[in-house]
Amino acid sequence: MNKKYLLATACNEKYEEFLINHWLRSLKSNCTLESIDIVVIDYGLSENARKILKSEAVLIKIAGKFKGHINNTRFLELNDFLLENENYEQVVLCDSGDIIFQSDISHLFQLEPEKIKAVCEEISPNMEIVANDKNVKNADEIKKFLSDKKLINAGFVIYPRKQFVELVWSMNEIIRDLDAWGTDMVVLNYYAYKKDFYQLHPKYNFIPTTTQKKYKVKNGKFYLVENGKVELIPVVHNAGRHKLFRPILNFGYGESYNIPRPLAIFALRTFYQVLSLFKSKR
């Protein structure tokens, strides 16, 4: 029997245009999907968007948990989907409103299939503001455990099925406030470091703001410049909680998109570096 994998995301009507015309189009244009099903957790998509997704053979899981931040509740919704669909050995959970795919990621399922696979941010934002007693249980213990560790970014992570279910159980046990932004990353980092995860190359969740690697944008495409070689970056993540913090203007898939904001990138990198330095001296 052929192995089956799942690539999941969550979206609402606000971001459905990007989901369909950039996220999904880039995924289908560049990735081998014969063994991969795609599911979108529907947090209020329009009927037209649902129709388009179904025509593209995308599975839709109607969300039932609206109390809480979507970044947190998407884990609970996907867990419910996996419990009802037991044929997937591994699952990707990724963002939908700020990620594009430029080359294949299907081979990643073959790497260390028993481990969580994820990218660590090279310049780690300080998550201590999120890991507090109001938002999570045992906050001091968690902060101490993670204090010297690089931040695993939750925007694109591959999970073995069993470990994803265990992670969601941990989220239910640890998170006090599902509305709090960033608590998903706190629990993911705590769980993954305890379990010994596999660290992917930054190009599989490439964040211009926190990378220390050289890259360039040409004709709307992102290229990594490393060891004298230039290659397309497989997964580009225009991360930033608010539009002001996002490093790329007009982000999308196509030649007319993607304008870097050098000053914003420099300012945010400097800010994160200062926070990290301050944290290391405490």
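The table that follows gives values for the structure above.
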{"item": "Karplus-derived HN-Hα couplings along segment 106-111 (A = 6.51, B = -1.76, C = 1.60, θ = phi - 60°), whole Hz, x at Gly and Pro", "result": "4, 5, 5, 5, 7, 7"}
{"item": "Cα-based reach from K14 at 19 Å (exclusive), listing lysines while leaving out same-chain residues under 8 positions away", "result": "K51, K54, K61, K65, K67, K243"}
{"item": "Cα pair distances in the chain, grouped into 5 Å bins until the bin that holds the longest one, percent each", "result": "1, 5, 12, 16, 19, 19, 14, 9, 3, 1, 0"}
{"item": "L7 long-range amide H proximity, modeled H, under 5 Å", "result": "D37, I38, V39, V92"}
{"item": "Candidate lysines - alpha carbon under 18 Å from K221, same-chain residues fewer than 8 apart omitted", "result": "K28, K203, K213, K229"}
{"item": "Residues with amide H under 5 Å from that of V119, placed H, sequence gap 5 or more", "result": "N153, L200"}
{"item": "Computed [θ] at 222 nm, deg cm²/dmol, the chain (DSSP H ≥ 4; -39,500 (n - 2.57); rounded to nearest 500)", "result": "-9000 deg cm²/dmol"}
{"item": "Most positive-pole-ward Cα, S96, H201, V217, against dipole of the chain from beta carbon charges", "result": "V217"}
{"item": "Magnitude of the charge dipole, segment 53-208, Cβ model with Lys/Arg +1 and Asp/Glu -1, debye to 20", "result": "120"}
{"item": "Karplus 3J(HN,Hα) series, Hz, for segment 84-92 with 6.51 cos²θ - 1.76 cosθ + 1.60 (x for Gly, Pro)", "result": "8, 10, 8, 8, 9, 7, 9, 9, 9"}
{"item": "Eligible aspartates and glutamates near K216 by straight Cα distance, threshold 15 Å, same-chain separation 8 or greater", "result": "E226, E231, E255"}
{"item": "Accessible-area order (highest first, 1.4 angstrom probe) of the listed residues W23, W181", "result": "W181, W23"}
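The values are calculated or read from the model by the stated rules, or taken from the named source; none is laboratory data. Remember, it's a predicted structure, so these values are computed and weren't measured experimentally. Note that each Cβ is placed from the backbone with ideal geometry, even for glycine, and that neighbours are counted across all protein chains shown. Protein only, heavy atoms only, side chains kept; ligands, DNA and RNA dropped before computing areas. Shrake-Rupley method; radii C 1.70, N 1.55, O 1.52, S 1.80 Å.
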